[in-house]
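Trainee: Handing you this structure, nothing more for now.
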There are 2 protein chains.
Amino acid sequence: MEYSKQLIEKIQEKKARVCIIGLGNVGLKLATEIAEEGYITFGIDIDEYKIKLINEGFSYINDVSELTIKKLIKSEVFKVSTSYELVKDADIIIIAVNTPLDEYKIPNFDYLRMAIEELLKYDLRGKLIILESTVYPGATEEIIGKRLSKVGYKIGEEIFIAYSPERIDPGSNIKFKEIPKIVSGLTETCAKLVEEFYKKIIKAAVYKASSTKVAEMTKLLENLFRLVNISLIYQIAILCEEANINVWEVIELAKTKPFGFLPFYPGPGAGGACIPKDPRILLWWAKKYSYLLEFIETAVKINDEMPYYIYNKILEILNKNGISAKNSRILIIGVSYKKNINDTRESAAIKVIKLLLELGVKISYHDPYVPSINIDGHQIRSIELNSENIKNNDLVAIFTDHDSINYELIFNEAKFILDTRNVFKNRHLSKIYTLGKGQNF
Amino acid sequence: MEYSKQLIEKIQEKKARVCIIGLGNVGLKLATEIAEEGYITFGIDIDEYKIKLINEGFSYINDVSELTIKKLIKSEVFKVSTSYELVKDADIIIIAVNTPLDEYKIPNFDYLRMAIEELLKYDLRGKLIILESTVYPGATEEIIGKRLSKVGYKIGEEIFIAYSPERIDPGSNIKFKEIPKIVSGLTETCAKLVEEFYKKIIKAAVYKASSTKVAEMTKLLENLFRLVNISLIYQIAILCEEANINVWEVIELAKTKPFGFLPFYPGPGAGGACIPKDPRILLWWAKKYSYLLEFIETAVKINDEMPYYIYNKILEILNKNGISAKNSRILIIGVSYKKNINDTRESAAIKVIKLLLELGVKISYHDPYVPSINIDGHQIRSIELNSENIKNNDLVAIFTDHDSINYELIFNEAKFILDTRNVFKNRHLSKIYTLGKGQNF
């Protein structure tokens, strides 16, 4: 009781010190948002390079400006380190480490377990631990709760454990503080504390789930919904292409229905750290109940196959125009998985580039957000987008529709174009091949 | 030219006479909405009983009030018949016939073909024919356009053919005229005419598709989106039930996400004339392109299996409480496929009742909208919902959550309850078994 009272007071008076573990897209964003609210904020990451960048005032994610980083570091509201020593002075510890898949697509929670082991080196009494990473239902209790109970901490009395799934949407216009936040705790007191904390941070509503399990499942459902609907529209796009129907027009029209419809758009395959991964966490976890999630299997499969479909489409275009793949030059536009950001994790562009390189295609790319990429040990640098660099290629393939790209130049100068994002909308030219439109095949 | 000009003028001056063929949920609703706008409106249906009911001032669908029917019939703005003779005086013919599946789940367009053959008995020059039924992409052209061309009509000059998919949502609060309407035509003139006509009828925007094929595909995508997301939540509900997670709470929480999520809810299986059918039209049509729509196959399968899941759940509840199915009495609440309407087509309740009757279960039901149902030739009448009728049963199974039902009485009097719609929300009682909640199994 004493501990929770103290913590509530510190939160109310904005005197609670917050330490974020894992400074990736989620962690760094969270840290700066909390620090900007006036809380002394610490950040820990095992990556020395990231810590160096932050300390020198650079930002490596698009949703945090360098100005913000510089300001926060200079004013000493925000302090970062590779050392867990910072935990000592923190009242609230937020874990935002990655929960990736291994090479067999099995979720791996080792980063989370390692973070807990590091934390256990310190006296954690009186502290609130909030997990933000996407995990399977039951993970907060099983991975954090049980471990801390085992070493003797009384959860809900001397230590507080919460789950609050991140809902950050990289590159989106919706502000972090305007996205409602879901909170939950292993005990009622744990839930109350995380609720009070986020009510201070978030402008939007804070919703308390009845258990951490429910909150964990909620996050999985949200991202499963996206993958299923993205995969669905991929399948419909391919069908429309074959049937000579413009799927982009179909979606625009369906969007006019005021109920029961939400538009999703075709593309070369959904990437990033969440959408292709989270449904696999659910798939893996459901095996515990011997439950076959055919829907997720189908959604995952269709999304996984999409880069191969695009690869085949490129070969078709080359062949149709009498160009052998081996002697061809292809310029890729955009290698990040989503527009206006620099994240290339699980990016369809990278997957297709690998396949094309194996065929002997000469690949170059342009991405204003990604200066270089590493394909099987070979570094490729983004080239300038100019007439010569466009004309020099047999095909320009648009994978990511960054807003700042000069599409007009591509439209005018390219020999052939594969447009996987419909950037040219209703402009027709026989040299343009658009995913989900059938007129050219 | 002459014909289209005349028609445009008649539309502008509200002097066009409109004839609706097929007076089902869509046709009767459309007819009354158009008649209420002041257009002389005719209605044709091959079902003599329906025509008799309308002429006597009765309504057989919930979205059209008897007051409206009585008023329109009395004022002679609306005239109905089983005879196609009415077509003679019509300028605009709207086809809203059913496009059902046959017993092998293959779409059957015979009602549409028959309607066209009936129309061909009259001089159709100068008339606009609008198809509203859900059909495969290309159907308006292949089934209507080609047939009329064959007998010599010049489409776009002396006859006008359009496709405008109905978007009626039975039992919903959204008004017909506030739902944006998609229109399309076999020629530019055809499209222009249907656009002008619906602009006079609809308050919401009217969107012109570039072809009838695109408009046909749009309608299929809208309903496919629904079936896929409904089936997805069924699968997640069953998983949650097994994992002891309340799926209803999960959905409420996920709903707080301001982007990328749309809530769909568990239930005993989606019924009605559209959602289970339309995706099968797409599935059938896609075979033409040798294209396997795994997603639709999965969605259709999960929805088809749902009544069997509910049936098994009922047997589990009976067994758990030591009641043999053969000696049990079950009261079904709600037999229409959706709340607050009387439509029992493809209703999950009816499917489960059939299965239970085969086991020898004594079934009774209560539905304020459906006075009687016919199961394999046996008529069952809705009984009154009172203490005795509830107590008299071993189990009360709620299939349809009509708003007017006295759930309090069921809550208090029933021995056991299966709640497939979560009508009892957060009220817990060990005798209540709720789909998608695991606490009792």
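The values are calculated or read from the model by the stated rules, or taken from the named source; none is laboratory data. Since this is a predicted model, take the numbers as computed values, not measurements. Because the Cβ atoms are built from the backbone with ideal geometry, glycine has one as well, and the counts that use them run over all protein chains shown.
Trainee: Residues of segment A:245-293 being part of a loop (DSSP other than H, G, I, E, B), among the hydroxyl-bearing types (Ser, Thr, Tyr) and either within 26 Å of the chain's Cα centre (by Cα) or more than 30 Å from residue B:172 (Cβ to Cβ) (or both), which ones?
Mentor: A:265, A:290, A:291
Trainee: Need at least 1 residues that are of a type in the set (Gly, Ala, Ser) per element, so show me which strands (runs of 3 or more DSSP E) inside segment A:100-188 make the cut, counting only ones lying wholly within it.
Mentor: Qualifying strands (runs of 3 or more DSSP E): A:160-163, A:181-185.
Residue-by-condition table, conditions (1) in the same structural domain as residue B:33 (by TED's automatic domain parsing); (2) closer than 21 Å to residue B:282 by Cβ; (3) in contact with a helix residue (DSSP H, G or I) (Cβ under 9 Å, 6 or more places away or on another chain):
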| residue | (1), (2), (3) |
| --- | --- |
| B:177 | yes, no, yes |
| B:201 | yes, no, yes |
| B:229 | no, yes, yes |
| B:247 | no, no, yes |
| B:250 | no, no, yes |
| B:253 | no, no, yes |
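Trainee: Here is a check on your reading of the model: is residue B:252 within 26 Å of residue B:354 (Cα to Cα) and modelled with pLDDT of 95 or more? First the steps, then the outcome.
Mentor: On the way: within 26 Å of residue B:354 (Cα to Cα): no; modelled with pLDDT of 95 or more: yes.
Taking the combined requirement at face value, the residue does not satisfy it.
Trainee: Let me confirm something: among B:101, B:128, B:112, B:120, which residue is crowded, with 20+ Cβ neighbours inside 10 Å and more than 16 Å from residue B:24 (Cα to Cα)?
Mentor: Values: B:101 fails: crowded, with 20+ Cβ neighbours inside 10 Å; B:112 fails: more than 16 Å from residue B:24 (Cα to Cα); B:120 fails: crowded, with 20+ Cβ neighbours inside 10 Å.
So the residue among B:101, B:128, B:112, B:120 that is crowded, with 20+ Cβ neighbours inside 10 Å and more than 16 Å from residue B:24 (Cα to Cα) is B:128.
Trainee: Can I ask one more? Quick one: in segment B:198-215, which of the residues that are over 14 Å from residue A:256 (Cα atoms) and hydroxyl-bearing (Ser, Thr, Tyr) is nearest to the other protein chains (Cβ to nearest Cβ)?
Mentor: Checking each candidate, the answer is B:210.
Trainee: Return the residues of segment B:384-397 that are exposed (fewer than 15 other Cβ atoms within 10 Å of the Cβ) and of a type outside the set (Lys, Arg); say none if nothing qualifies.
Mentor: Hits for segment B:384-397 are B:384, B:386, B:387, B:388.
Trainee: Can you tell me which of A:152, A:156, A:145 is away from chain B (no Cβ under 13 Å), of a type in the set (Gly, Ala, Ser) and touching a helix residue (DSSP H, G or I) at 6+ places or on another chain (Cβ under 6 Å)?
Mentor: On the way: A:152 fails: touching a helix residue (DSSP H, G or I) at 6+ places or on another chain (Cβ under 6 Å); A:145 fails: touching a helix residue (DSSP H, G or I) at 6+ places or on another chain (Cβ under 6 Å).
The conditions single out A:156.
Trainee: Residues in segment B:377-388: is at least one modelled with pLDDT under 95 and assigned to a loop (DSSP other than H, G, I, E, B)?
Mentor: Within segment B:377-388, one or more residues are modelled with pLDDT under 95 and assigned to a loop (DSSP other than H, G, I, E, B).
Trainee: Would you mind telling me which numbered condition in (1) on the phi > 0 side of the Ramachandran plot; (2) under 26 Å from the mean Cα position of the chain (by Cα) residue B:114 fails?
Mentor: It is condition (1) that residue B:114 fails.
Trainee: When you check residue A:372 against the structure, is it surrounded by fewer than 22 Cβ atoms within 10 Å (Cβ to Cβ), of a type in the set (Gly, Ala, Ser) and in contact with a Lys or Arg (Cβ under 7 Å, 6 or more places away or on another chain), yes or no?
Mentor: Criteria met by residue A:372.
Trainee: Of all residues in segment B:240-253, how many are surrounded by fewer than 22 Cβ atoms within 10 Å (Cβ to Cβ) and either more than 19 Å from residue A:290 (Cβ to Cβ) or within 7 Å of another protein chain (Cβ to nearest Cβ) (or both)?
Mentor: 4
Trainee: For residue B:82, indicate whether it is among the polar types (S, T, N, Q) and crowded, with 21+ Cβ neighbours inside 10 Å. Before you say what the answer is, go through the steps one by one.
Mentor: Values: among the polar types (S, T, N, Q): yes; crowded, with 21+ Cβ neighbours inside 10 Å: no.
So residue B:82 does not fit the description; no.
Trainee: Of everything in segment B:234-244, what is in a helix (DSSP H, G or I) and of a type in the set (S, T, N, Q)? Give them in sequence order.
Mentor: The initial filter retains those residues of segment B:234-244 that are in a helix (DSSP H, G or I), namely B:234-243.
Once the filter is applied, which keeps residues that are in a helix (DSSP H, G or I) and of a type in the set (S, T, N, Q), segment B:234-244 yields only B:235.
Trainee: Let me ask another. When the residues of segment A:216-230 are filtered to those that are at the interface with chain B (Cβ under 7 Å from one of its Cβ atoms) and not β-branched (Val, Ile, Thr), which remaining residue is nearest to residue A:338 (Cα to Cα)?
Mentor: Taking segment A:216-230 as the starting set, the residues that turn out to be at the interface with chain B (Cβ under 7 Å from one of its Cβ atoms) are A:217-218, A:221-222, A:225-226, A:228.
Among the residues that remain, those that are also not β-branched (Val, Ile, Thr) are: A:217, A:221-222, A:225-226.
Values: A:217: 25, A:221: 21, A:222: 18, A:225: 18, A:226: 14 Å.
Restricting to residues being at the interface with chain B (Cβ under 7 Å from one of its Cβ atoms) and not β-branched (Val, Ile, Thr), the top hit is A:226.
Trainee: Report, by residue number, each residue of segment A:146-191 that is under 28 Å from the mean Cα position of the chain (by Cα) and in contact (Cβ under 8 Å) with a residue 60 or more places away in the chain.
Mentor: Residues satisfying the conditions are A:160, A:166, A:168, A:170, A:171, A:176, A:177, A:190.
Trainee: Looking at this structure, is residue A:268 more than 7 Å from every other protein chain (Cβ to nearest Cβ) and over 23 Å from residue B:302 (Cβ atoms)?
Mentor: yes
Trainee: Shifting gears a bit: Could you tell me whether residue A:220 is under 24 Å from residue A:174 (Cα atoms) and aliphatic (A, V, I, L, M)?
Mentor: In short, yes.
Trainee: Within the group A:8, A:73, A:34, A:44, which residue is outside the structural domain of residue A:300 (by TED's automatic domain parsing) and in contact with a Cys (Cβ under 7 Å, 6 or more places away or on another chain)?
Mentor: A:44
Trainee: What is the number of the single condition among (1) outside any helix (DSSP H, G or I); (2) at pLDDT 95 or above that residue A:427 does not meet?
Mentor: For residue A:427, the exception is condition (2).
Trainee: Which condition number does residue A:203 fail, the rest of (1) under 24 Å from residue A:23 (Cβ atoms); (2) surrounded by fewer than 18 Cβ atoms within 10 Å (Cβ to Cβ); (3) at pLDDT below 95 being met?
Mentor: Of the numbered conditions (1) under 24 Å from residue A:23 (Cβ atoms); (2) surrounded by fewer than 18 Cβ atoms within 10 Å (Cβ to Cβ); (3) at pLDDT below 95, the odd one out for residue A:203 is (3).
Trainee: Now a separate question. Among the candidates A:365, A:337, single out the residue that is in the same structural domain as residue A:400 (by TED's automatic domain parsing), part of a loop (DSSP other than H, G, I, E, B) and buried (at least 20 other Cβ atoms within 10 Å of the Cβ). Reasoning before the result, please.
Mentor: On the way: A:365 fails: part of a loop (DSSP other than H, G, I, E, B).
Testing whether each residue is in the same structural domain as residue A:400 (by TED's automatic domain parsing), part of a loop (DSSP other than H, G, I, E, B) and buried (at least 20 other Cβ atoms within 10 Å of the Cβ) leaves just A:337.
Trainee: Would you please list the contacts, defined by Cβ atoms under 6 Å and residues six or more apart or on different chains, that run from a residue in segment A:210-231 that is surrounded by 24 or more Cβ atoms within 10 Å (Cβ to Cβ) and modelled with pLDDT under 95 to a residue that is among the hydrophobic types (A, V, I, L, M, F, W, C) and assigned to a helix (DSSP H, G or I)?
Mentor: Sorted first by the residue in segment A:210-231, then by its partner, the list stays empty.
Trainee: So, residue B:299, is that one closer than 30 Å to residue B:249 by Cβ and within 11 Å of chain A (Cβ to nearest Cβ) or not?
Mentor: Yes: the conditions hold for residue B:299.
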